[in-house]
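Colleague: Below are the structure tokens for one structure; questions will follow.
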């Protein structure tokens, strides 16, 4: 069967099926004050038990936890300790007569659904964290044991509906050879952790995965997404040969860490990473990243009851500036609205939030929020090489107004006698078609461009990629989109500024030669993808890439373009 390969490698082993208990609302009502007090106390005890569980998981895996896994556990404790969640659950118990279990299901899983519906890839993964802590609290309330077996046999391949972040962290990689799940996606925590731990994994296999029985021999290809059930001897031998070849390739990729991404004819591309906090930087540098092309700042604003203070924001950016050790960090100013709503901000309901009140539009309308963030970034700039980037820009007036705000923030700091770097570069994300078409005008106003292909593709093709009926039309090889990208890069170079790209397209191996041929200066992606893309750049010439680009730009449909790119990438 076929799924999505999310962590490369091949595993051959025996299936172990993990079943999860169904979650349902009982509908039982608690009427008296005494009953309500009992339920409230049960909830508080269950939360404490869940926190103890997470801390036990951390201690048990202390020697093997990487920074990303540690960050996930920190996030879970943060969610478990969230006063807003406690307040909402107690409100359900005390005022709506719910049991503790029903209240948790309604509050925590509603919040998980909200995050799950977000388009931002990083924030979407927070849904898994919330589901995980919801399950932990429910297990404690109902005295359920955790459903992962305490011990696995060697070369176990786990088969499950999905794996939570903490379940994935708890896997004993000396015994677990891989996993396949019914649901999930490339950006789920389970996928990210599997890749970080070198566990081959396939997700989104569908309900057919239920046909597997315990102890069935399974071949799992985490690159192609193939899951082969009960293979014959010849098939097993074939995949053992592939397995050996992959291990040799991974060893080679690790050796590229300290090499620049330089083509065979001497052209260098800067390899950057997308992050959401200082804990992500360790993985960036481990994979040979040369800095940060997109520092998302939204996580600091989400999951709290009010806007963070200037001091809180300053400390948040300062940590990244220090840990980046002088390497460039492009800080995107707050990109809220659309799929990223802040309950305490109270953005009114909109029929088309992605075309509405969001990102730079909110910042220019609510300048007190914007100036607080700008001052905190500028204050942190003295500790590293921070750059400021505005998202969702669609007009020249927005750029000029935003730059005036930066100047105002600088004057505020000067009056207060606070240091900052006056030479902090300012750039914009090109993610709206009008910005791509006016790149020649915009280039005169800023120090750099960063092309956000996720939104640029969505807006150019008028496709909501979260809508299953049309998501198949979302395609970053559409010739119209490619022409916009090429124009942005050409205009950037004409006006002697850098052009980078920080969307999902940056980590697509099929797009690497094409983007290289267009003249892109920087590629920014998830840290784990850097060695794979760097290897493609090192193994090819700029001359070849330019020929590829020239040929692609003559093609009139994405199918032809993808087939051609597959052929030249062999």
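Readers should treat all values here as calculations from the given coordinates under stated rules, not as data from a laboratory. The shown structure was predicted, so the numbers you read here are calculated from the model rather than taken from an experiment. Please note: Cβ atoms are built from the backbone with ideal geometry, for glycine as well, and neighbour counts cover all protein chains shown.
Colleague: Give me the Debye-computed log₁₀ of I(q)/I(0) at q = 0.16 Å⁻¹ for the range 261-328, equal point scatterers on Cα only, no solvent, two decimals.
Modeller: At q = 0.16 Å⁻¹ the computed log10 ratios are -0.61.
Colleague: Given the chain, what percent of its DSSP beta bridges are antiparallel, to the nearest 5?
Modeller: Percentage antiparallel, nearest 5: 30.
Colleague: Find how much the distance from residue 345 to residue 249 grows on full extension, using 0.36 nm per residue of separation minus their present alpha carbon separation; answer in nm with one decimal.
Modeller: 29.7 nm
Colleague: Computed from the mean reciprocal separation of all distinct C-alpha pairs, what Kirkwood hydrodynamic radius does the range 161-219 have, in Å?
Modeller: 11.8 Å
Colleague: Add -39500 (n - 2.57) for each DSSP H run of 4 or more in the chain, then divide by its residues: what number comes out at 222 nm, to the nearest 500 deg cm²/dmol?
Modeller: About -14500 deg cm²/dmol.
Colleague: Based on other C-beta atoms within 10 Å, arrange 474, 239, 19 from fewest to most.
Modeller: The order, fewest Cβ neighbours first, is 19, 474, 239.
Colleague: Now a separate question. May I ask for the Kirkwood hydrodynamic radius of the range 33-142, worked out over all distinct Cα pairs and given in angstroms to one decimal?
Modeller: 14.4 Å
Colleague: In whole percent, what relative contact order does the range 186-319 give with Cα contacts below 8 Å and a gap of six or more residues?
Modeller: In percent, rounded to a whole number, it is 12.
Colleague: Which value in Å is the Kirkwood Rh of the range 427-570 over different Cα pairs?
Modeller: 15.3 Å
Colleague: Follow-up. Quick one: if the Förster radius is 41 Å, what FRET efficiency do residue 172 and residue 368 give, using the C-beta to C-beta distance and rounding to 0.05?
Modeller: After rounding to 0.05, the efficiency reads 0.20.
Colleague: For labels at residue 230 and residue 96 in the simple 7 Å Cα→Cβ model, what's the distance in nm?
Modeller: 4.8 nm
Colleague: A follow-up question, please. Stretch residue 325-residue 483 to full length: gain in nm at 0.36 nm per residue minus the Cα-Cα span?
Modeller: 53.2 nm is the gain from fully extending residue 325 to residue 483.
Colleague: A further question follows. Please report, in whole Å³, the volume per residue of the convex hull around the C-alpha atoms of the range 413-467.
Modeller: 121 Å³
Colleague: Next question, about the same structure. For the range 259-299, how big is the tail of P(r) above 11 Å, as a whole percent of Cα pairs?
Modeller: 66 percent
Colleague: Further question on the same structure: Could you work out the pair-distance distribution P(r) of the range 379-504 from its alpha-carbon pairs, with 10 angstrom bin width and percents rounded to whole numbers?
Modeller: Bin by bin from 0 Å, the calculated values are 13, 38, 28, 15, 5, 0.
Colleague: Given a Förster distance of 45 Å, report the FRET efficiency between residue 106 and residue 414 from their Cβ-Cβ distance, rounded to the nearest 0.05.
Modeller: Rounded to the nearest 0.05, the efficiency is 0.35.
Colleague: Let me ask you something else. Label points 7 Å out from Cα along the Cβ direction at residue 259 and residue 357: separation in nm?
Modeller: Distance between label points: 5.3 nm.
Colleague: Using all Cα-Cα distances in the range 271-423, what percent lands in each 5 angstrom bin from 0 up to the longest?
Modeller: 2, 9, 19, 21, 20, 16, 9, 3, 1, 0
Colleague: Quick check: pseudo-label points 7 Å beyond the Cα along Cα→Cβ at residue 35 and residue 444, how many nm apart are they?
Modeller: Here the answer is 7.3 nm between the modelled labels.
Colleague: Starting from 0.36 nm per residue, how many nanometres of slack lie between residue 240 and residue 305 once their C-alpha separation is accounted for?
Modeller: 18.1 nm
Colleague: Between residue 493 and residue 397, what FRET efficiency follows from the Cβ-Cβ distance if R0 is 30 Å, with the result rounded to 0.05?
Modeller: The value I calculate is 0.75.
Colleague: Determine by what factor the alpha-carbon radius of gyration of the chain differs from 2.2 N^0.38 Å, reporting the quotient.
Modeller: 1.01
Colleague: In the calculated pair distance distribution of the range 192-291, what percentage of Cα-Cα distances lie above 20 Å?
Modeller: Here the long-distance tail beyond 20 Å is 57 percent of all Cα pairs in the range 192-291.
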